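Student: Dropping the structure in here first, questions after.
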Amino acid sequence: MDNLTSDEKECLALIVCEKAQTNSELQSETGKKGWEINRLLSGLTSKGFLISNPNGRWTTYEPNTEFYKRLVDKSTNSQTNSQTDTLLLKINGHPGLSEIQKNILSVMVLYPFYSIDEISKHLNIKQSVVRYQRIKMKHIVDTKHEGANQKGRWKITFLC
């Protein structure tokens, strides 16, 4: 990520946040010309950050989730993995949590940077369900999102 230009980071951020997924959408978001966007998208695709779905003039781009998983795996140390495993065991073994609550908490642990919208998409449920279940389990576990909306992380603390 450190080797990317600011323009590449901007395009990548717009695609990851689902604000733009095509060349023309990126043009309108950034004000850059089509050939400039094309060059940025080609570079990000060749570096493994994006996957292109070629449809001629309507090619779409999406984040390469496998690439990001490898980046996360490389950057996390064994202590963090141990803490994650311990927390997952505690979640799955807790008798006071329903299956949907366990699933929500597990996604928060495995993908601490996910928003409520991303959690709901990952689990194929509505955002309102995620919010409601967080309220229902607040006497067992405290789920707080710390930091900025896009760069924050979930912090999970068991109360009992």
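The values are calculated or read from the model by the stated rules, or taken from the named source; none is laboratory data. Keep in mind that this is a model prediction, so the values were computed, not measured. All Cβ positions, even for glycine, are placed from backbone atoms using ideal geometry, and neighbour counts span all protein chains on display. Ligands, DNA and RNA are excluded from the accessible area calculation, which covers all protein heavy atoms including side chains. Shrake-Rupley method; radii C 1.70, N 1.55, O 1.52, S 1.80 Å.
Table: residues versus (1) modelled with pLDDT under 85; (2) open to solvent by 60 Å² or more (accessible area, probe 1.4 Å); (3) within 15 Å of the chain's Cα centre (by Cα).
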residue	(1), (2), (3)
66	yes, yes, yes
79	yes, yes, no
124	no, yes, yes
137	no, no, no
153	no, yes, yes
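Student: Let me ask another. What are the pairs with Cβ atoms under 8 angstrom where one residue, in region 14-29, is hydroxyl-bearing (Ser, Thr, Tyr) and the other, located anywhere, is at pLDDT below 90 and open to solvent by 60 Å² or more (accessible area, probe 1.4 Å)? Sequence gap at least six, or different chains.
Tutor: That search, which allows pairs on different chains as well, returns 22/58.
Student: Can I ask one more? Anything in region 119-151 that is farther than 27 Å from residue 16 by Cβ and in contact (Cβ under 8 Å) with a residue 24 or more places away in the chain? List them, or say none.
Tutor: 136, 137, 140, 141
Student: Which of the helices (runs of 4 or more DSSP H) contained wholly in region 1-64 include at least 2 residues that are open to solvent by 80 Å² or more (accessible area, probe 1.4 Å) and either of a type in the set (Ser, Thr, Tyr) or closer than 25 Å to residue 118 by Cα (or both)?
Tutor: It comes to 6-16, 23-30.
Student: Among 14, 44, 40, 26, which is touching an Asp or Glu at 6+ places or on another chain (Cβ under 7 Å) and either at pLDDT 90 or above or at positive phi (or both)?
Tutor: Being touching an Asp or Glu at 6+ places or on another chain (Cβ under 7 Å) and either at pLDDT 90 or above or at positive phi (or both) holds for just one of 14, 44, 40, 26, which is 40.
Student: Separate question: Looking for something at pLDDT 85 or above, not in a helix (DSSP H, G or I) and not acidic (Asp, Glu) - is there at least one such residue anywhere in region 81-93?
Tutor: No: zero hits.
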